[in-house]
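The values are calculated or read from the model by the stated rules, or taken from the named source; none is laboratory data. As the structure is a prediction and not an experimental result, all values here were calculated from the model. Cβ: placed from backbone, ideal geometry, glycine included. Neighbour counts: every protein chain shown.
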Amino acid sequence: MYEERILAVTESSTTPAGTPAGKAGATAAAPGAPTPARRGPVVAALMLGMGLAAIDGTIVSTAVPQIVGDLGGLAVFSWLFSGYLLAVTVTLPVYGKLSDTFGRKPVLIAGVVLFLIGSLLCAAAWNMASLIAFRVVQGLGGGALQGTIQTIAADLYPLKERPKIQAKLSSVWAASSVAGPAAGGLLAGYADWRWIFLINLPVGLVALWLIVRHLKEPARTPPRERVRIDWAGALSVFATGALLLTALVQGGVAWPWLSAPSLGLLSAAAALGAVTVAVERRAAEPIIPGWVWRRRTISAVNLALGALGLLMVAPTVFLPTYAQSVLGLGPIAAGFVLSVMTLSWPISAAFSNRVYGRIGFRLTAVLGISLALALLLVFPFLPFPGEPWQPALIMLLLGGALGLFQLPLIVGVQSTVPYEERGTTTASVLFCRQVGQSVGAAVFGAVANGVLAARLGGGDLDTLARALDAPGSLTAETTDGLRRAVDAAVDYVFTGAAAAAALALLVLLTLAPRRFPVLREATGEDGAHTVTQGDARSG
């Protein structure tokens, strides 16, 4: 049962101009959190739902050889991941707005159902084209899962307790990064690759049952006027994002960066972006409202987490290649070098509230990204070929640093907006992080290819992979040259990741307010929560 929470927000100099929450005397009813005894089933549902989205990429990647062997389509199999990524990224702001308008529960239920339908269709795919199309359907549901689950997590817990649920959700991603490849390999090797999609069904059905039965939202006050859905804005956001991310994902891979397809897609994305801005300015209820970028706190967090998505490409995409090609580790050991980061991240996040409770959200994030910057700069100075414990130690510390960076920003920005704006705010943060990841994959892929081409006389990652797949056919000198080329390429990528960390640090120091304008909750004797403007320590 939800406790009653009354929002009482007063105008403050720390609240940016144009903020609806800053209007003098404004009051609005907002839902409270269920009692701890009733939150358990809802949290379990959120973790199961997040698990569906988290394990998706890792479990599919290990079964690619079996999928391609059965369905064909080697030339386009990368769209199994790109198509899903596109659908998730461009729908995040749409679902965020819908959850603020109609409530979290119907949006989350729709997301789970859509994800399960996509999973069932993927298992029934008859060729690569159909599988790619059904992966897009999965992604349409995945966008609702990621954004809405994060928003509900903030709704369930008051400010002081939010690190607990965020740490639990982070642990789901950590466990998925370890369990996904193993489960995918076992199912593809000993059963059939179609089971990697079918196992989503029981997990998703349990999550759906828990959501329907236990997630209780308060009755929403009917609007005085009929709610207008900005379908034109949603379509323009989707089309713009699809064109931009297609150009970034495929540029330098399917065609050269300066080719007609790349230039055409980028130009079309720019033109549609201008149309989107015009449409959103005229919309009564825009999908991406202007206040998301006008408020310093939200815009700073958006840019900082966009830089986080950019820098995360270095360890997640290039470190496994480095571990296998340079250090000579097997796939499992290479995965362990990366997985230590996903283990330290949630632990650091769980204890971050003890830091930002003392020094504030911004300073905690500054501390975290400063440590991450130093660690990323250390990586290029590792000896060649080095010992596996060296990059593993860096990843362990990097996970701890990024836990101090990301969680305070997410908790902080969610705490600066009332309930009816939290879905849109959370979705904008996740959207920027996803876009940063896509940009990073494109930029750092081009950097790595350029370094390898210079070192190997026109070689690229595909040529390198085929050569290292049969090391017995190469001379010791040639093998050493290939490994040194990979080492140099990954060093440049980590230097680029350090530049992204420096950009995030600069954003926090120059754009983010020193004190986040937190809506602080206080519990009275009757158990009700009152939300008021935060004090100086909140920032």
Exercise for the section: Being surrounded by fewer than 17 Cβ atoms within 10 Å (Cβ to Cβ), more than 22 Å from the chain's Cα centre (by Cα) and at pLDDT 80 or above narrows it down to one of ALA124, ALA191, so name that one. Expected result: ALA124
Handout entry: From ALA372, ALA323, ALA349, ALA314, residue being modelled with pLDDT of 90 or more and either surrounded by 21 or more Cβ atoms within 10 Å (Cβ to Cβ) or not assigned by TED's automatic domain parsing to the domain that holds PHE431 (or both)
Key = ALA372
Exercise for the section: Examine segment 131-141 for a residue that is part of a helix (DSSP H, G or I), closer than 22 Å to LYS216 by Cα and not assigned by TED's automatic domain parsing to the domain that holds GLY330, and state whether such a residue exists. Expected result: yes
Problem - Complete set of residues in segment 325-378 that are farther than 23 Å from ASP491 by Cβ and either in contact with a strand residue (DSSP E or B) (Cβ under 6 Å, 6 or more places away or on another chain) or in a loop (DSSP other than H, G, I, E, B) (or both) - result: GLY360
Handout entry: Which listed residue, of SER82, SER119, SER171, is of a type in the set (Ser, Thr, Tyr), modelled with pLDDT of 85 or more and touching a helix residue (DSSP H, G or I) at 6+ places or on another chain (Cβ under 8 Å)
Key = SER119
Practice task
Return yes when GLY306 is out of contact with any His (no Cβ under 9 Å at 6 or more places or on another chain), among the small types (Gly, Ala, Ser) and either surrounded by fewer than 20 Cβ atoms within 10 Å (Cβ to Cβ) or modelled with pLDDT under 80 (or both) and no when it is not.
Solution key: no
Fill in the blank from the handout: Of those in segment 251-283 that are of a type in the set (Ser, Thr, Tyr) and more than 24 Å from the chain's Cα centre (by Cα), the residue farthest from ARG294 (Cα to Cα) is SER259
Problem - Positions within segment 392-450 being closer than 20 Å to TRP291 by Cα and aliphatic (A, V, I, L, M), in sequence order - result: LEU409, ILE410, VAL411, VAL413, VAL417, ALA427, VAL429, LEU430, VAL435
Problem - Matching residues, segment 284-299, being at pLDDT below 90, of a type in the set (A, V, I, L, M, F, W, C) and within 23 Å of the chain's Cα centre (by Cα) - result: ILE287, ILE288, TRP291, VAL292, TRP293
Problem - SER99 crowded, with 22+ Cβ neighbours inside 10 Å, touching a residue at least 24 places away in the same chain (Cβ under 8 Å) and under 23 Å from VAL68 (Cα atoms) - result: no
Practice task
Inspect all residues belonging to segment 266-275 and state whether any of them is modelled with pLDDT under 80 and either outside the structural domain of VAL136 (by TED's automatic domain parsing) or surrounded by 16 or more Cβ atoms within 10 Å (Cβ to Cβ) (or both).
Solution key: no
Exercise for the section: From SER370, SER299, SER344, grab the single residue that is in contact (Cβ under 8 Å) with a residue 24 or more places away in the chain, under 27 Å from CYS432 (Cα atoms) and in contact with a Gly (Cβ under 8 Å, 6 or more places away or on another chain). Expected result: SER344
Practice task
Could you tell me whether ARG362 is under 17 Å from LEU505 (Cα atoms), among the basic types (Lys, Arg) and in contact with a Pro (Cβ under 8 Å, 6 or more places away or on another chain)?
Solution key: yes
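Residue by residue, here is whether (1) at pLDDT below 60; (2) part of a helix (DSSP H, G or I); (3) surrounded by fewer than 20 Cβ atoms within 10 Å (Cβ to Cβ) holds:
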| position | (1), (2), (3) |
| --- | --- |
| GLY445 | no, yes, no |
| ALA465 | yes, yes, yes |
| ARG484 | no, yes, yes |
| VAL493 | no, yes, no |
| ALA498 | no, yes, no |
| ARG514 | no, no, yes |
Problem - 1 or more residues over 24 Å from VAL507 (Cα atoms) and acidic (Asp, Glu): qualifying helices (runs of 4 or more DSSP H) within segment 224-318 - result: 260-282
Practice task
Of all residues in segment 379-391, count the ones that are part of a helix (DSSP H, G or I), surrounded by fewer than 19 Cβ atoms within 10 Å (Cβ to Cβ) and either touching a helix residue (DSSP H, G or I) at 6+ places or on another chain (Cβ under 7 Å) or small (Gly, Ala, Ser) (or both).
Solution key: 1
Fill in the blank from the handout: Here the qualifying pairs (Cβ atoms under 7 Å; residues six or more apart or on different chains; first in segment 61-84 and within 12 Å of MET128 (Cα to Cα) and assigned to a helix (DSSP H, G or I); second at pLDDT below 65 and among the hydrophobic types (A, V, I, L, M, F, W, C)) come out as VAL68/LEU74
